[in-house]
């Protein structure tokens, strides 16, 4: 009997989540996230946590060699402007940078006092608090070889914003 790929992914996610949440770096990031104060918006903590963990899981499982920019310059949940690529075929650190943009956006939405509906296809919002220290903790927990801090997260988000990178739907390669 053939195994359902969705069930396999759910089981894999549960194991991955337990490993992340009980690792010292992951626990630190989760504890900081739990202390955030929600703004006056419709983005509850449960949605924040599931969105953050889902994005971290996608980034951890991303295989750059199996993916490439599509015709609209999208890869790993990011869409690049024509000028943002500067002749590069494939940007570097795509999974990490996508995770940084998504987590920054989620934290801005969660802490904002504004409505937080649709964000796909837009640049990182200017409202709310981006929480670069918590983003760095998650990046360091997911990518074991990374050692980013608050300043490096701010530098990466500023550079990506200046390059016109926007959020896009994650596409999956088989």
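The values are calculated or read from the model by the stated rules, or taken from the named source; none is laboratory data. Here the structure is a predicted model, which is why all the values come from computation and not from measurement. Ideal geometry is used to build each Cβ from the backbone, glycine not excepted, and the neighbour counts take in all protein chains shown.
Considering region 3-44 alone, what residues qualify as being part of a loop (DSSP other than H, G, I, E, B) and closer than 22 Å to residue 108 by Cβ?
Of everything in region 3-44, those that are part of a loop (DSSP other than H, G, I, E, B) and closer than 22 Å to residue 108 by Cβ turn out to be 35, 36, 37, 38, 39, 40, 41, 42, 43, 44.
Taken together, the criteria exclude residue 166 from residues that are surrounded by 12 or more Cβ atoms within 10 Å (Cβ to Cβ), modelled with pLDDT of 95 or more and either out of contact with any helix residue (DSSP H, G or I) (no Cβ under 8 Å at 6 or more places or on another chain) or farther than 30 Å from residue 28 by Cα (or both).
Residue by residue through region 20-30, note down the ones that are surrounded by 12 or more Cβ atoms within 10 Å (Cβ to Cβ) and either without any contact (Cβ under 8 Å) to a residue 24 or more places away in the chain or within 18 Å of residue 131 (Cβ to Cβ) (or both). Walk me through how you get there before you give the answer.
Looking only at region 20-30, we keep the residues that are surrounded by 12 or more Cβ atoms within 10 Å (Cβ to Cβ), and these are 20-21, 23, 25-30.
Correct list: 20, 21, 25, 26, 27, 28, 29, 30.
Scanning region 39-59 for residues that are in contact (Cβ under 8 Å) with a residue 60 or more places away in the chain, surrounded by fewer than 15 Cβ atoms within 10 Å (Cβ to Cβ) and closer than 19 Å to residue 137 by Cβ yields one hit, 45.
A quick yes/no check of all residues on (1) assigned to a helix (DSSP H, G or I); (2) touching a residue at least 40 places away in the same chain (Cβ under 8 Å):
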{"residue": "130", "(1), (2)": "no, no"}
{"residue": "136", "(1), (2)": "yes, no"}
{"residue": "140", "(1), (2)": "yes, yes"}
{"residue": "147", "(1), (2)": "no, no"}
{"residue": "154", "(1), (2)": "yes, no"}
{"residue": "157", "(1), (2)": "yes, yes"}
{"residue": "161", "(1), (2)": "yes, no"}
{"residue": "170", "(1), (2)": "no, yes"}
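Checked against the criteria, residue 100 counts as modelled with pLDDT of 85 or more and within 16 Å of residue 160 (Cβ to Cβ). Take region 70-84 and flag every residue that is surrounded by 15 or more Cβ atoms within 10 Å (Cβ to Cβ) and either within 18 Å of residue 159 (Cβ to Cβ) or within 14 Å of the chain's Cα centre (by Cα) (or both). Of everything in region 70-84, those that are surrounded by 15 or more Cβ atoms within 10 Å (Cβ to Cβ) and either within 18 Å of residue 159 (Cβ to Cβ) or within 14 Å of the chain's Cα centre (by Cα) (or both) turn out to be 73, 75, 76, 77, 78, 79, 80, 84.
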